[in-house]
Structure formats: C-alpha cells, structure tokens
1. Which net charge results for the neighbourhood of E120, defined as the other residues with beta-carbon distances under 13 angstrom from its beta-carbon, given Lys and Arg at +1 and Asp and Glu at -1?
2. So how far apart, in nm, are the two label points at Q77 and E64 if each is 7 Å from Cα heading toward Cβ?
3. About the Cα centre, and with charges only on the beta carbon of Lys, Arg (+1) and Asp, Glu (-1), how big is the dipole of segment 43-123? Nearest 20 debye, please.
4. What is the gain in length, in nm to one decimal, between A85 and T107 on full extension, counting 0.36 nm per residue of separation less the C-alpha to C-alpha distance?
Amino acid sequence: MKFSLALLALLAVTACAASPNAAGPVSPMAPSALETPAMAKPSTPVPPQAGIQATGTVRHLDLEGGFWGIVADDGRQFDPMGLDARFQQEGLRVRFEATPETDMMSTRMWGTMVRITRIEVLK
C-alpha cells in the first residue's frame, strides 16, 4: 500500500514538472505555434464528395422518435432524407446511390445524411 502511494505521488510530481525542452514564456505579441494561418477562401464552392454507391441493410432505429437508416455492408451508416415508404422495411437489403447532404443538420447524430438518387431491392 505504501509503495502504491509513493509511486502515485512520484508520478504526480513528475507529470507536473516542466520539461527541460519546454519553451520559455511567450510574449503576447509573438505568434503562437498553436495558431493556424488564415486560409484563403476558394473562389468557387468546393463540390461535395463524389456520389456514394453501396449495398446495405435498411434498419429502423429507435433514436429521436425513430427513423429509417441504411447500414452499408462495410459498416458505414447513412441517414437517408425522405426514404420512400416502399423501402422502409426492417432488414431489407438494398443497393443504392446517394449524394451527401452537406448543407443540412439533424438532431439524430447518426450516420451521414444523404439524398438517395437511386435505390433497388436486392434478392
């Protein structure tokens, strides 16, 4: 018990000690190493990532009042906006193409929000 307390005290003291390689005080006018330089805004909007193509399984999730999502075979999670009622079936296997919804927000905080552009049921 005494050894454990001594080891804990030693770790606490050494963790708080200043590193011999630590920089000295930084004047308020000197640029900090943690600051990032301002980046120029692109002249044209950056296009969203290329279209998503995947196969997966439709799932009903009981979060935020419940909603339909698609779990791709590679584990990615997609939150399809306005999934057609024909595809709202638990366990339904689908192949789909989608584009990410980068200008929308959701309270669900699950998966990537996407707009389905093509979807088909797998047999």
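1. +3
2. 1.1 nm
3. So the dipole magnitude of segment 43-123 works out to roughly 240 debye.
4. Roughly 5.8 nm would be gained on extension.
Any read-out appearing in this document is the output of simple, stated calculations on the displayed coordinates, not a laboratory observation. The model shown is predicted, which means the values in this text are computed figures rather than measured ones. Ideal geometry is used to build each Cβ from the backbone, glycine not excepted, and the neighbour counts take in all protein chains shown.
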